[in-house]
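**Q** Have a look at this one before I ask anything.
The values are calculated or read from the model by the stated rules, or taken from the named source; none is laboratory data. Everything quoted here is computed from the prediction, not taken from an experiment. So basically every Cβ, Gly included, is an ideal-geometry build from the backbone, and we count neighbours across all protein chains shown.
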Amino acid sequence: MDYSLSIFPIRIIFYLVLFPVAFFWLRRAWRIGVRKDFSEVALKKGMPPPNAARYAPYELAFNLVGGGVMVGVIVLVALGRVDYDTWIAIAGSTLWIKLFLSFALGRQAHGLGPGRKRV
């Protein structure tokens, strides 16, 4: 493992970024699951779909699993159970998969095209 001075601060920054990401995702899961606030479900251009309650369980699962994995990575790194390559791979994969799934859910909920106007 390389602990040169140029790499170590980047590792610390990557680790510290996990905290707000996990907090944000778990807070969204709390709002969707407990408070039944569907204003952040399947967003497209900042707006939820008209039937947001239909897509809420999927968004809840994405946020809960993603936040849980991030908290797990935070704990494992703090305990020294994983090396840098492993935890950065887990955290990065989780981040991108969650972002892609939320994006796809938003497009599915709002429809894929602008729609046709009937005459």
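**Q** Please determine, by comparing only the residues of region 54-70 that are farther than 20 Å from Ala91 by Cβ and in contact (Cβ under 8 Å) with a residue 40 or more places away in the chain, which one is surrounded by the most Cβ atoms within 10 Å (Cβ to Cβ).
**A** Here the residue is Glu59.
**Q** Of the residues in region 32-46, how many are without any contact (Cβ under 8 Å) to a residue 60 or more places away in the chain and either closer than 29 Å to Ala89 by Cβ or not in a loop (DSSP other than H, G, I, E, B) (or both)?
**A** Here the count works out to 3.
**Q** Oh, and also: So, in region 40-90, exactly how many residues are of a type outside the set (S, T, N, Q) and over 30 Å from Arg11 (Cα atoms)?
**A** So the count comes out to 18.
**Q** Applying the selection to region 9-53, what residues are modelled with pLDDT under 95, surrounded by 12 or more Cβ atoms within 10 Å (Cβ to Cβ) and among the basic types (Lys, Arg)?
**A** Arg11, Lys44 - these are the residues of region 9-53 that are modelled with pLDDT under 95, surrounded by 12 or more Cβ atoms within 10 Å (Cβ to Cβ) and among the basic types (Lys, Arg).
**Q** So, in region 72-110, exactly how many residues are under 18 Å from Ala29 (Cα atoms) and either part of a loop (DSSP other than H, G, I, E, B) or among the aromatic types (Phe, Trp, Tyr) (or both)?
**A** Summing the residues that are under 18 Å from Ala29 (Cα atoms) and either part of a loop (DSSP other than H, G, I, E, B) or among the aromatic types (Phe, Trp, Tyr) (or both) in region 72-110 gives 3.
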